[in-house]
Amino acid sequence: MKREVVIIGAGPAGLAAAIEATKNGCQVLLVDENRTAGGQFFKQLHKFFGSQAHSAGIRGFEIGKQLLKETEELGVEVWLESSVIGIFAGKRVAVLRNGITETVEAQSILICTGGAENPLRFPGWTYPGVMGAGAAQTMVNVNRVLPGKRILMIGSGNVGVIVAYQLLQAGADVVGIVEGMPRIGAYGVHAAKLKRAGVPFFIGHTIAEARGSDRVEEAVIARFENGQILKGTERKIDVDTICVAVGLRPLSELAQMAGVKHGFIPELGGFMPIHNTDMETSVEGIYVAGDTAGVEEASTAMDEGRLAAVSVSCALGHLNRADAEQKKEEIRDRLASLRQGPFGERRMNAKNRVIEMGVTM
Amino acid sequence: MDEMRVKNHPILGEDNCEEFVEITVDGKVMQAKKGEMIAAVLLANGIKIHRYTAKEHKPRGIFCGIGQCTDCVMTVNGKANVRTCITPVEDGMTVETQEGYGRKKP
């Protein structure tokens with residue numbers, strides 16, 4: 001079986017890329033291991049940031065619905081419940097589907113498998129009731145069930161405070177936000193909502209232990225300085241759920257398997273595939289976009305997907321060089337505007353380092 | 001334990017699910033919303049332990065919620081290691097707390 005472009009992962013980056021590449025005339029196969037496309041769009045009920053071009057002010061799940069609709073209208077070939085289990089020489093993509101492995105020979109491959117939440121290891125971290133903040137978000141916003149009644153959030157970044165607020169709104173008691181750094185990590189607008197609701201922020205604190213008989217019943221938090229827990233500052237809090245929001249890391253197993261050059265970029269989640277300004281990796285014809293190409297946001301993921309799709313379309317001869325360059329510049333300008341401000345600038349600098357590392361082995 | 005259900009979601013609005021199915025969890029019959037994930041039914045019923053580890057018999061529950069970590073696996077319709085966070089309920093489904101890898105002891 002042959003397809004011009006195989007896109008792995010139908011989240012924000014993959015959907016946006018599939019739409020762009022199809023519009024440019026590429027023959028696209030979009031593969032996702034889940035039952036439905038959309039990745040983690042449908043748990044993101046908050047309004048997005050950015051400019052109008054980035055659907056700012058629109059809630060994440062609404063953007064997801066729009067992308068799914070466009071994908072359908074364009075007649076993009078989508079394989080769901082299909083896991084890519086390997087990328088082999090000659091850009092052959094092995095897909096496990098209906099219990100059978102099918103091999104698809106691609107001219108270009110775009111890997112946008114997203115990211116995974118980082119765990120935090122502390123005594124009791126494996127107890128039922130300790131979960132990723134993203135898991136809690138999925139429970140309340142997708143499955144419409146509360147993960148617990150009394151919830152402690154570890155991490156005050158955007159994920160931590162947005163999820164905490166959504167849990168609070170849905171009826172849970174958020175007993176506090178614990179932050180190891182000396183300041184709140186999230187945008188002020190999100191943190192302010194929790195402060196107004198009277199949720200305490202334990203700044204310069206960390207989780208020391210989760211206790212219980214066979215599930216979380218109590219959290220012990222303590223002051224945290226220079227990477228150490230200060231003895232004697234421990235305090236107990238009655239909780240039934242501890243959510244961990246301490247960042248995400250790129251899921252890049254497939255890129256590693258394909259021999260793509262990797263680097264360590266802490267600001268973007270750590271070990272990640274290195275790519276150029278076209279989103280192409282060190283392996284010609286293999287591209288990355290979205291959280292796989294460094295953890296950022298859904299809005300940047302969509303534009304990186306589009307950028308990769310334009311590059312692919314040009315490489316395959318569906319777009320002439322001049323048109324492609326113009327499109328790429330427009331997308332790069334949009335990405336630059338998303339990478340502004342104190343948070344964005346940090347990501348922009350990190351992305352520039354990725355580019356500087358270069359895709360030659 | 002129906003209080004764990006978010007009937008009126010601040011953004012999604014009211015839950016207008018009208019179709020329900022029945023599943024059996026460790027011998028107990030439970031009502032579930034058609035098509036919802038097994039893990040959601042368990043949470044709504046206050047069940048947090050999905051399995052016990054093979055070596056040390058330690059409890060495990062939901063951790064990632066999106067099918068990546070496999071912490072929430074259970075034995076479903078006799079099949080071991082089913083990821084309950086991404087597997088929807090079906091009428092008449094049997095769900096069991098899993099011991100170890102779910103292999104029957106000889």
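The values are calculated or read from the model by the stated rules, or taken from the named source; none is laboratory data. The structure displayed is predicted, hence computed values, not measured ones. Note that we place each Cβ from the backbone using ideal geometry, even for glycine, and neighbour counts take in every protein chain shown. Keep in mind that these areas ignore ligands, DNA and RNA; they rest on the heavy atoms of the full protein, side chains included. Shrake-Rupley method; radii C 1.70, N 1.55, O 1.52, S 1.80 Å.
In whole Å and largest first, what semi-axes does the C-alpha gyration tensor of the range A:176-266 yield when each eigenvalue is scaled by 5 and square-rooted? Please list the in-between numbers first.
On the way: eigenvalues 184, 71, 46 Å².
In descending order the semi-axes read 30, 19, 15 Å.
Going by a 1.4 Å probe on protein heavy atoms, which residues of the range A:120-144 end up with at least 30 Å² less accessible surface in the whole assembly than in their chain alone?
Flagged in the range A:120-144: A:Thr126, A:Pro128, A:Met131, A:Ala135, A:Met139, A:Asn143, A:Arg144.
For chain A, calculate the relative contact order in percent as a whole number, restricting contacts to Cα pairs under 8 Å that are 6 or more residues apart.
Averaging sequence separation for qualifying contacts and normalising by length gives 18 percent for chain A.
Only residues of the range B:21-35 count here: report those whose backbone N is under 17 Å from the spot 7 Å along Cα→Cβ of A:Asp214, or say none.
Label zone hits: B:25-28.
In the structure shown, do any of A:Lys43/B:Lys58; A:Lys261/B:Lys58; A:Lys91/A:Lys327 have a Cα-Cα gap over 28 Å, and if so which?
Too far apart for the 28 Å limit: A:Lys43/B:Lys58; A:Lys261/B:Lys58.
Mind checking which of A:Thr292, A:Thr36, A:Thr22 has the largest fluctuation in a GNM of chain A, springs on alpha carbons under 10 Å?
Highest fluctuation of the listed residues: A:Thr36.
Among the trypsin sites (Lys or Arg not before Pro) within the range B:50-100, which fall in a DSSP loop and have no more than 15 other Cβ atoms within 10 Å of their own Cβ?
Answer by residue number: B:Lys55.
With every protein chain present, what is the per residue accessible area of the range A:121-245 (1.4 Å probe, Å²)? Working shown, then result.
Values: 4850 Å² over 125 residues.
Here the per-residue accessible area is 39 Å².
Per residue in the range B:82-96, which ones lose no less than 20 Å² of accessible surface when going from chain alone to all protein chains (1.4 Å probe)?
Buried-area filter returns B:Ile86, B:Pro88.
Which trypsin sites (Lys or Arg not before Pro) in the range A:158-202 sit in a loop by DSSP (not H, G, I, E or B) and have at most 16 other Cβ atoms within 10 Å of their own Cβ?
Within the range A:158-202, the qualifying trypsin sites (Lys or Arg not before Pro) (loop, at most 16 other Cβ atoms within 10 Å) are A:Arg183.
For A:Asn320 paired with A:Ser83, estimate the spin-label separation in nm (one decimal), with each label point 7 Å from Cα along the Cα-to-Cβ line.
It works out to 4.7 nm between the two label points.
I'd like the distance separating the alpha-carbon centroids of the range A:171-196 and the range A:309-332, in whole Å.
First find each Cα centre; the distance between them is then 42 Å.
Quick one: with all protein chains in place, what share of the accessible area of the range A:121-245 is carbon or sulfur, to the nearest percent (1.4 Å probe)?
Solvent-exposed carbon and sulfur of the range A:121-245 make up 50 percent of the total.
Taking the Cα centre of the range A:230-347 as the origin and placing charges on Cβ (Lys, Arg +1; Asp, Glu -1), which of A:Met272, A:Ala289, A:Thr300 is farthest toward the positive end of the dipole?
Projecting each Cα onto the dipole axis, the largest value belongs to A:Met272.
Along each principal axis of its Cα atoms, how long is the protein assembly as shown end to end? Whole angstroms, biggest number first, please.
Computed over the protein assembly as shown, the largest-to-smallest principal extents equal 64, 52, 43 Å.
Sequence gap at least 6, Cα distance under 8 Å: using those rules, report the relative contact order of the range A:121-245 to the nearest whole percent.
Reported relative contact order: 32 percent.
What share of Cα pairs, in percent, lie more than 20 angstrom apart in the range B:20-99?
Value for the range B:20-99: 21 percent of Cα pairs lie more than 20 Å apart.
Just how far, in whole angstrom, is the range B:16-92 from the range A:266-285 if you go by their alpha carbon centroids?
Taking the Cα centre of the range B:16-92 as reference, the centre of the range A:266-285 is 37 Å away.
Connecting C-alpha atoms closer than 10 Å in a GNM of chain A, tell me which of A:Gly25, A:Gly160, A:Gly60 has the biggest fluctuation.
A:Gly25
How many square angstrom of accessible surface are buried between B and A, both sides summed, with a 1.4 Å probe and rounding to 100?
Interface between B and A: roughly 3000 Å².
So for the range A:7-102, what are the equivalent ellipsoid semi-axes in whole Å, largest first, each being the square root of 5 times an eigenvalue of the Cα gyration tensor? Let's see the in-between values first.
Working: eigenvalues 140, 45, 25 Å².
Semi-axes, largest first: 26, 15, 11 Å.
Give the accessible area for B:Lys58 in Å² (nearest 10); use a 1.4 Å probe, count only protein heavy atoms, and leave out ligands, DNA and RNA.
Result for B:Lys58: roughly 90 Å² accessible.
Evaluate the range A:121-245: find the radius of gyration of its Cα atoms, find its Kirkwood radius, and give the ratio Rg to Rh.
A ratio of 0.94.
Please give, to one decimal in nm, the separation of the simple spin-label points placed at B:Leu12 and B:Thr97, each 7 Å out from Cα toward the Cβ.
Simple spin-label model gives 2.8 nm for this pair.
What FRET efficiency comes out for A:Gln340 versus A:Met1 if R0 is 41 angstrom and r is the Cβ-Cβ distance? Round to the nearest 0.05.
Given R0 = 41 Å and the Cβ-Cβ separation, E is 0.40.
In what order, largest first, do B:His57, A:His275 sit by accessible area if the probe radius is 1.4 Å?
B:His57, A:His275
With n ≥ 4 as the cut-off for DSSP H runs, can you work out [θ] at 222 nm for the protein assembly as shown, using -39500 (n - 2.57) per run divided by the number of residues, rounded to the nearest 500?
Result for the protein assembly as shown, helices only: -8000 deg cm²/dmol.
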